[in-house]
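One structure is given here, and the rest of the page talks about it.
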Amino acid sequence: MKICIKNLNKEALKKALSDLSDKSYVIDNIFRAIYQRGIKNFSDITDVSKDLRLFLNNNYEISKLNLVKKEISKKDTCVKFLFSLQDGETIESVLIPHKNRLTACISTQVGCKMNCDFCVTARQGFTRNLSTSEIVNQVLYLNDYAREVMNKKVDSSIRGLTNIVYMGMGEPLDNLENVIKSVDIISDDNSLGFGKRKITVSTSGLVDKIKIFKESCNARLAISLNAPNDEKRNQIMPINKKNPIKEIIKTIKDLKFNMHNFVTIEYVLFKGFNDAVDDAKCLALLLKGLPIKLNIIPFNEYKYSKYHSPNMDTVSKFYDLLAKEGIVCNVRHSKGTDISAACGQLKSKDL
Ligand code: SF4
């Protein structure tokens, strides 16, 4: 069976083609043809030898995602895509416009193992990791949609994606190898040339994997904290029993992040659970002096959710307290709430 060439970063492609060519410009030409010109057949790569085209044709394929459904938010023009994969599994990705930014939120797994109590994806269980090509293809599809559709229908200044966040379905660091390869590909100058600082990979806090990620990838890291102490975090994020808060904080310190290469801490605010003044004080103590920026995200309720959104007054008080303690923070409101595209609301099966 042929494998998709988009599973190979440049290093892997060079190795695979080493018997036919050792010239790096040949690999560059193949990358440009696939990722910049979007060719559908290897015979269209006219700037490599005929033998190489034949070899590619006999051994590789160029996969794409099939769109099953697209929903556009009436509130904020956020767009949610449901894609089907070659084995019939499905995933969701979201395009999020905000001021002059256009962010793609992409998935890394079909479902998720982490079982966070507030998350819709967790309810569908875990099926499998996405391949590198399935991750890259989400970025390519959303980038093309931005350039071709949003540019004409929404705003002619849109030239493509500005940011990519690995925050869709799945725990990205549980699929680390494919995530790193996908970052390699989309950040390559002969592909989309995406700055690694414009790419953020999120984790629920897999400490060992964070170390490998930091050593092998320059993309930004976000950690979903969501509670100021282990007692509360254990209740909503079972992964905390293996990777408690003190280990996460130690990892941030040990890995020598800095304010140029800071960690984003995500803190979803749940009404009556982690939004009290004492929670804010405890969180400030925990984060003070660390090279982090804090995103406070009011929870978005969904059908059957046992958690609720805090009111705006509570959110403001929480933010003010943290800011007064010198924590660099923002309040982030999820987009696409009317089409279930907000943080933690993605799913690809009826539940
Ligand atoms: S919040 Fe993220 S890590 Fe937790 S279950 Fe959902 S998708 Fe997985």
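Side notes on the structure shown:
- Two-decimal ratio, region 104-171, of alpha-carbon radius of gyration to 2.2 N^0.38 Å: 1.32
- Compactness check for region 64-130: Cα Rg over 2.2 N^0.38 Å is 1.22.
- Cross-link pairs exceeding 19 Å between alpha carbons, from the set Lys10/Lys211; Lys232/Lys271; Lys113/Lys181; Lys80/Lys181; Lys113/Lys241: Lys10/Lys211; Lys113/Lys181; Lys80/Lys181.
- Kirkwood-based shape ratio for region 170-321, expressed as Rg/Rh from alpha carbons: 0.99
- Over all other residues within a Cβ to Cβ distance under 12 Å of Gly195, the charged ones net out to +2, with Lys and Arg as +1 and Asp and Glu as -1.
- Stokes-Einstein D in µm²/s, Kirkwood radius over Cα pairs - region 1-152 at 37 °C with 0.692 mPa s viscosity: 189
- Tilt relative to the chain, helix 312-324 - C-alpha long axis, 0 to 90 degrees, to 10: 90
- For region 201-278 versus region 25-99, the gap between their alpha-carbon centres in whole angstrom: 32
- Once the mean of 1/r is taken over each pair of separate Cα atoms and inverted, region 1-71 shows a Kirkwood hydrodynamic radius of 12.8 Å.
- Surface per residue (accessible, 1.4 Å probe) for region 243-297, Å²: 44
- Think of a 1.4 Å ball rolled over the protein heavy atoms: region 21-78 then has 61 Å² of accessible area per residue.
- For region 78-202, the normalised intensity computed at q = 0.15, 0.16 Å⁻¹ comes to -0.66, -0.75 (log10 of I(q)/I(0), Debye sum over alpha carbons, equal scatterers, no solvent).
- Calculated translational diffusion coefficient of the chain (20 °C, 1.002 mPa s; Stokes-Einstein with Kirkwood radius over alpha-carbon pairs) equals 101 µm²/s.
- Taking the DSSP beta bridges with both ends in the chain, the antiparallel portion is around 45 percent.
- Kirkwood Rh in Å, taken over all unlike Cα pairs in region 31-95: 14.3
The values are calculated or read from the model by the stated rules, or taken from the named source; none is laboratory data. Computed from a predicted structure; not experimentally measured. Note: ideal-geometry Cβ built from the backbone for every residue, glycine included; neighbour counts use all protein chains shown. Just the protein is used for accessible areas: all its heavy atoms, side chains included, with ligands, DNA and RNA removed. Shrake-Rupley method; radii C 1.70, N 1.55, O 1.52, S 1.80 Å.
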